[in-house]
Amino acid sequence: MSQQAHAEPIAPRGRPASKPESRGRAVRAVLVGIALFYVLVLIVAPLAGIMYYGLRNGVGPITDTFSQPDVRHALYLTVLIMLITVVVTTVLGLVVAFVLARDRFPGKSLLSAFVNLPLAVSPVVVGLMAILLFGRGGWFEPFFSAQGIQIVFALPSMVIVTIFISIPFVIREVVPLLEELGMDEEQAAWTLGASRLQTFLRITLPNIRWGLFYGMALSAARAIGEVGAVLVVSGQVQGRTETATLYILRAFDQYQAERGYIVALTLAAFSIVLLIGIEAFRRRSLKRAGQE
Amino acid sequence: MAIGVHNVSKRFGDFVALDDVSLAIPTGSLTVLLGPSGSGKSTLLRVIAGLEQPDSGEVAIAETDATALPPQKRGVGFVFQHYASFKRMTVRDNIAFGMKIQKRSKNEIRARVDELLELVQLQGLAGRYPSQLSGGQRQRMALARALAVQPKVLLLDEPFGALDARVRKELRAWLRRLHDEVHVTTVLVTHDQEEAMEVADRIAVVNQGRIEQYGKPRDLYEHPATEFVMTFVGPVTRFGEAYIRPHDLEVELQPSARYEEATVEKVVHLGFEVRVELALSEGERLEAQLTKREAERLELLEGQRVFVRPSRLTEVEEDAPGARVAS
Amino acid sequence: MVADALTRASGRARRDPGAPTRWALRATAMLYLGLFVLLPVVVILQRGYSDGLTNLQDALDNFGAWNAIKLTVVMAFLAAIINGVFGTLLAYVLVRIRFPGREIVSAIVDLPFAIPTLVAGVMLVALYGPSSVVGGWLEDHGVKIIFAAPGILLALLFVTLPLVVRSVQPVLAELDREEEEAAQTLGAGSWTTFRKIVLPALRPAIVAGGLLVFARSLGEFGAIVFVSGNIPNKTLTAPVFITQLLSPGSFGATGGPDQAAAVAGLLFGLAFIVVLLTEKLISGRLERTS
């Protein structure tokens, strides 16, 4: 015997948006609003602020700033340190990335922790480490002063600390790529007669190139922005060991705010353009080669 | 002998992948390494290629000891299950890769690539990227790429495993025809018994790191050396203590000498064949495979009483042709 | 047994043509990281604590020392919480909601990674400093940002925002929607679904991001040195304090590299613990889902 069930009214198709749906939309709009507001207050507005203060008096102060010898030297020093840092962290970073992604041996996870350590350490502490190693009473000081090489309060220590803080970037970008790619293509190349070096140059590098470039760009941006560590090791000798960031500090200290803003803006613009450029190329490359 | 494997062993930690394996593969043949997952067949193939290092034992390719040689120097062509196409290169550049490494002239490369494109039927696709090809096309490209450098042996690691069934069958037949044309010593790894039987000159059945039998497909089927080979290479049904092939089970309506009584449980019509599920008097289950004609003649129904006997007992023979030689 | 293993190993080495390259790579990697990372860490701990805790005590005796450390830790904690919430919100909005300008916002979120920290400080002063429009207005209403604690917090929030968003975003994007759909068919509303299904799945990523923010904030220098005014007991943070220890005479600190090393060791120890926790969290999550 069948029972008569209470039939629930079924809404006909094509009904207008019901209350839960429009409420969902309103909630989403509010969420977006809050997120946008946060980003505006925290990031966009200050960026606008610095652009205003740097550019409001037109080109004049800009050319004036860049004609100052200490500004030029500071920028030169920053670029030099950045280039050395990028080269070192890229080459050695690739080695570490390969070992981390492909090799298996006890203590590998310790290696991984070392790679991430510079991200967590204060740059001031990094500078201190260099002073303790190479400064007066430091472990390596006798050796270098015997050779007549000045490390602290000179370029070498500034390069060393900048390398330290930039170590993670290339490695962190490349390792996941290598893991995802796997070894199939490389092994195929081996069976076709390519040596390990040839395989690395023709197969592996092209496959990781955008991640590698991105890591290099991050490394470069970090290097030109470094201030805490170089402050500690440089001794801030104007015109000799003053990077762009140290120049900015001094400029504001000596009431030359406008010059400070302009140099700051320059550094920011350089980094942003670098990173946007690489990211744009990466997207285009993904679209072209397709994803397998 | 194109490939000689001598007493090769390999472990991964505690797991024994290859246990004192020896094999001699004749030049120009198409050998299939057949076995279930984890049997060691892929490992063996990779050891031959030099992509894995054995813990002990030697590998010889074309009569030369290759054990200490890296894969670059062994003259092997390798085709991977997931194609391993060079993603960032066109089909043409993929195929040309080995030749570019050998620094051949541009004209030579171009001519050979065109020749290979025609061989694998990918003409017109030379400018495409692997991501724009289907799985079957990518695998054909991989074959062309491997053949481009005229390898001494061609090794294929479950080459059709990532393709769907129809493409798999097509490529299987196509590979066989290709081999007949090109005659490169070929070794193919698969877990698909049908594929092995269809394609191979010889089959090596691999199980738990050992080769159980190496011989012609028909020999393996009719004279299996071990129970495993028998159950893996063809359908089996148990008759008492022994295994027999379902199509070797005769079914009659009248009792006769050496026939046993059985009841028909189910009759399944599979097109040309008819599968009859039977139960013996003690309740043991059997399967018989009859042709349509036979089944019609008998007019079998569920619940009917019939009499069965094996027309031949395929006995597992320790010294069957190709049975593993104790080392 | 041992003889067997040895013959096996030497036999393998003889026949393994790739071994030398592998060892060369391993040695290079370990030398690189050993020299650049391990060594500096060891020297800090040695100089700071070879005399036990005396260096630390002397350091903390300095005027404003304790408060500097407290302020640093508190600010780092606040930054982790606030950016934990807003970072997750941003990640959610960017992944789940389609709105005009989404790509631009995504790029803006990554900006702090590109901009030098010092420049970030300069930016904040430009906008919220006493001489600017916004800052002046705020000060008239009694809200001091620059040269006060809020400025420090803002600087930290700026610098660390991408850390949480980048940590949460990929996890959120990978989430299988089926669980949420199942919850909804069982009658759960959006907020409940979010709270009971999505959030727990995101929790490791959020916490990992938060820990990164915390560690990063403990050590932040460039953004803060500009924005805070470095007033002892008010806006002086530990990293800035360490630089003062290294140039004695500033603000009465007696200083010296050994004391600096002691304080640095403390900061470093905290950061290191955080890094370990984060690693454990991430690998723990991987084990659970595989």
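The values are calculated or read from the model by the stated rules, or taken from the named source; none is laboratory data. Values in this document were obtained by computation on a predicted structure and should not be read as measured data. We place every Cβ from the backbone using ideal geometry, glycine too, and count neighbours over all the protein chains shown.
Structural remarks
- Test for residue C:91: is it over 19 Å from residue A:123 (Cα atoms), within 7 Å of chain A (Cβ to nearest Cβ) and not in a loop (DSSP other than H, G, I, E, B): no
- Candidates in region C:138-157 are the residues that are within 12 Å of chain A (Cβ to nearest Cβ) and in a loop (DSSP other than H, G, I, E, B); of these, the one that is modelled with the highest pLDDT is C:146.
- If you go through region B:87-98 and keep only what is among the hydrophobic types (A, V, I, L, M, F, W, C) and within 7 Å of chain A (Cβ to nearest Cβ), you end up with just B:97.
- Being out of contact with any Gly (no Cβ under 8 Å at 6 or more places or on another chain) and more than 10 Å from chain C (Cβ to nearest Cβ) holds for only one residue in A:156, A:118, and it is A:156.
- Residues that are of a type outside the set (Val, Ile, Thr) and in contact (Cβ under 8 Å) with a residue 40 or more places away in the chain, drawn from region B:137-149: B:138, B:139, B:141, B:142, B:143, B:144, B:145, B:146, B:147, B:148
- Of the residues C:281, C:245, the single one that is at pLDDT below 80 and in a helix (DSSP H, G or I) is C:281.
- Within region A:28-111, helices (runs of 4 or more DSSP H) holding 3 or more residues that are within 13 Å of chain C (Cβ to nearest Cβ): A:45-55, A:69-102
- Apart from one condition, residue A:192 fits all of (1) crowded, with 24+ Cβ neighbours inside 10 Å; (2) within 13 Å of chain C (Cβ to nearest Cβ); the exception is (2).
- Any hit, region C:163-171, residues being in contact with a helix residue (DSSP H, G or I) (Cβ under 7 Å, 6 or more places away or on another chain), at pLDDT 85 or above and over 21 Å from residue C:84 (Cβ atoms): no
- Of all residues in region A:195-204, those being at the interface with chain B (Cβ under 7 Å from one of its Cβ atoms) and not hydroxyl-bearing (Ser, Thr, Tyr) number 2.
- Against the conditions (1) closer than 28 Å to residue A:165 by Cα; (2) at pLDDT 85 or above, residue C:96 satisfies every one except (1).
- Hits in region B:102-123 (condition: in a helix (DSSP H, G or I), touching a residue at least 12 places away in the same chain (Cβ under 8 Å) and under 23 Å from residue B:73 (Cα atoms)): B:109, B:112, B:113, B:116
- Taking every residue in region A:176-197 that is free of Cβ contacts under 8 Å to residues at least 24 places away in the same chain and pairing it with any residue that is assigned to a helix (DSSP H, G or I) and basic (Lys, Arg), at least 6 positions away or on another chain, yields no pair with a Cβ-Cβ distance below 6 Å.
- Residue match in region C:173-187 (condition: of a type in the set (S, T, N, Q), more than 23 Å from the chain's Cα centre (by Cα) and not in a helix (DSSP H, G or I)): no
- All conditions but one from (1) touching a Ser or Thr at 6+ places or on another chain (Cβ under 6 Å); (2) modelled with pLDDT under 90; (3) among the hydroxyl-bearing types (Ser, Thr, Tyr) apply to residue A:78; the one that does not is (2).
- Subset of region C:121-137 (residues that are touching a Phe, Trp or Tyr at 6+ places or on another chain (Cβ under 9 Å), outside any helix (DSSP H, G or I) and small (Gly, Ala, Ser)): C:129, C:132
To keep it simple, each residue is scored yes or no on (1) within 21 Å of residue B:148 (Cα to Cα); (2) in contact with a Ser or Thr (Cβ under 8 Å, 6 or more places away or on another chain); (3) at pLDDT below 95.
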site: B:11; (1), (2), (3): no, no, yes
site: B:32; (1), (2), (3): no, yes, no
site: B:38; (1), (2), (3): no, no, yes
site: B:51; (1), (2), (3): yes, yes, yes
site: B:55; (1), (2), (3): no, yes, yes
site: B:65; (1), (2), (3): no, no, yes
site: B:75; (1), (2), (3): yes, no, yes
site: B:83; (1), (2), (3): yes, no, yes
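- Being in contact (Cβ under 8 Å) with a residue 24 or more places away in the chain and surrounded by 22 or more Cβ atoms within 10 Å (Cβ to Cβ) holds for only one residue in C:148, C:201, C:205, and it is C:205.
- Taken together, the residues in region A:168-184 that are within 12 Å of chain B (Cβ to nearest Cβ) and buried (at least 22 other Cβ atoms within 10 Å of the Cβ) amount to 0.
- Criterion violated by residue C:166 - all others in (1) closer than 30 Å to residue C:69 by Cβ; (2) surrounded by fewer than 20 Cβ atoms within 10 Å (Cβ to Cβ); (3) away from chain A (no Cβ under 12 Å) satisfied: (3)
- Search result, residues across region B:124-145 that are assigned to a helix (DSSP H, G or I), over 20 Å from residue B:181 (Cα atoms) and aliphatic (A, V, I, L, M): none
- Within region C:29-56, tally of residues that are outside any helix (DSSP H, G or I) and either at the interface with another protein chain (Cβ under 7 Å from one of its Cβ atoms) or of a type in the set (S, T, N, Q) (or both): 1
- Scanning region B:52-86 for residues that are at the interface with another protein chain (Cβ under 8 Å from one of its Cβ atoms), closer than 19 Å to residue B:16 by Cβ and either part of a loop (DSSP other than H, G, I, E, B) or touching a Phe, Trp or Tyr at 6+ places or on another chain (Cβ under 8 Å) (or both) gives B:53, B:54, B:55.
- All of (1) more than 30 Å from residue C:190 (Cα to Cα); (2) free of Cβ contacts under 8 Å to residues at least 12 places away in the same chain; (3) of a type in the set (A, V, I, L, M, F, W, C); (4) in contact with a helix residue (DSSP H, G or I) (Cβ under 6 Å, 6 or more places away or on another chain) hold for residue C:97 with one exception: (1).
- Filter pass, residue B:60 being surrounded by fewer than 22 Cβ atoms within 10 Å (Cβ to Cβ) and in contact with a strand residue (DSSP E or B) (Cβ under 6 Å, 6 or more places away or on another chain): yes
- At least 1 residues being surrounded by fewer than 18 Cβ atoms within 10 Å (Cβ to Cβ) is the threshold, and among the strands (runs of 3 or more DSSP E) wholly inside region B:146-240 those reaching it are B:237-239.
- Unique match (being at the interface with another protein chain (Cβ under 10 Å from one of its Cβ atoms), farther than 26 Å from residue A:82 by Cβ, over 16 Å from the mean Cα position of the chain (by Cα) and crowded, with 22+ Cβ neighbours inside 10 Å) among C:135, C:121: C:135
- Residues located in region C:58-73, provided they are of a type outside the set (A, V, I, L, M) and in a helix (DSSP H, G or I): C:58, C:61, C:66, C:67, C:70, C:72
- Any hit, region C:77-92, residues being surrounded by 19 or more Cβ atoms within 10 Å (Cβ to Cβ), over 30 Å from residue C:173 (Cα atoms) and in contact (Cβ under 8 Å) with a residue 40 or more places away in the chain: no
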